[in-house]
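Undergrad: Sending over a structure as structure tokens; questions will come in a sec.
Rule-based calculations on the coordinates, nothing more; no lab input. Keep in mind that this is a model prediction, so the values were computed, not measured. Virtual Cβ from ideal backbone geometry, glycine too; neighbours counted across all protein chains shown.
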Amino acid sequence: MLRAALLCLLLVLPLGAQADDESPVVLTISGVVDLPNRGPYDAFTDAYMARFLDPFDKAHAFTLADLNALPQQRLTLQYPNWDQQVTVTGPSLLSVLKAAGATGEKLEMMGLDGYTADFTQEMIVGGTFILALTMDDKPLAIGGRGPLWLVFPPGEAAPSYPGKDDQGLVWALFHINARN
């Protein structure tokens, strides 16, 4: 219970820098980022990140408003280990990476629970990867799969994630490390 309350508090408070004075940051992209909008890792303000990440010298921070301002994609999908089909909406991962100027060849996606999935730019460019903000027209909830959920159709990220189950779909995505 305490852990869930702390997690909710972390998502209400800004993760590092804020893109504006109104909205907390929900996604940070660090590493090879050509369009940074925040400074380096700070041990005090980035306390949650310190649990999982190496310090970084620059990053691009996105609020929900920033992500909603990007062109939105819609995807209906179902995996063999799901009992239902869902429709998600959000910006393409490629458009988010472009907005940050993230050009690193390897992309490590990390959820708030510490789960990571690795992809390459080649996989992203050749696939349908969405940072879902809604599922079935409802915002993704903290404690569920949100507020951001990396999704792609079954088998699309093969061979790393062959599509037998939803491995590689990162719930509660909060950080992307773009590296060479």
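Undergrad: Using packing as a proxy for protection, rank 83-91, 54-62 so that the peptide with the highest average count of other Cβ atoms within 10 Å comes first.
TA: The densest-packed peptide leads the list: 54-62, 83-91.
Undergrad: Sequence neighbours fewer than 8 away in the same chain don't count; with that in mind, list the aspartates and glutamates whose C-alpha is under 20 Å from Lys138.
TA: Asp66, Asp83
Undergrad: For segment 73-156, state which chymotrypsin sites (Phe, Trp or Tyr not before Pro) are in a DSSP loop and have at most 12 other beta carbons lying within 10 Å of their beta carbon.
TA: Answer in residue order: Trp82.
Undergrad: Return the whole-Å distance between the Cα centroid of segment 44-63 and the Cα centroid of segment 122-180.
TA: 21 Å
Undergrad: Can you compute the helix-only [θ] at 222 nm over the chain? Use -39500 (n - 2.57) per DSSP H run of at least 4 residues, normalise by all residues, nearest 500 deg cm²/dmol.
TA: -4500 deg cm²/dmol
Undergrad: Restricting to Cα pairs below 8 Å that are 6+ residues apart, what does the relative contact order work out to for the chain? Please round to a whole percent.
TA: Taking the mean separation of contacting Cα pairs over the length of the chain, I get 23 percent.
Undergrad: Would you mind calculating the gained length between Arg74 and Asp137 on full extension (0.36 nm times residue separation, minus the Cα-Cα distance), in nm to one decimal?
TA: This chain segment gains 21.7 nm when fully extended.
Undergrad: In addition: Quick one: net charge around Pro40, please, counting Lys, Arg +1 and Asp, Glu -1 for every other residue with C-beta under 15 Å from its C-beta.
TA: -2
Undergrad: Counting only C-alpha contacts under 8 Å and six or more residues apart, can you give the relative contact order of segment 104-168 as a whole percent?
TA: Across segment 104-168, relative contact order equals 24 percent.
Undergrad: Over the chain, consider all pairs of different Cα atoms and compute the Kirkwood hydrodynamic radius from their mean reciprocal separation; express it in Å, one decimal.
TA: This gives a value of 16.3 Å.
Undergrad: Of the cross-linked pairs Lys58/Lys164; Lys58/Lys106; Lys106/Lys164, which ones have a Cα-Cα span greater than 25 Å in the structure shown?
TA: Going by Cα-Cα distance, Lys58/Lys164 fall outside the 25 Å limit.
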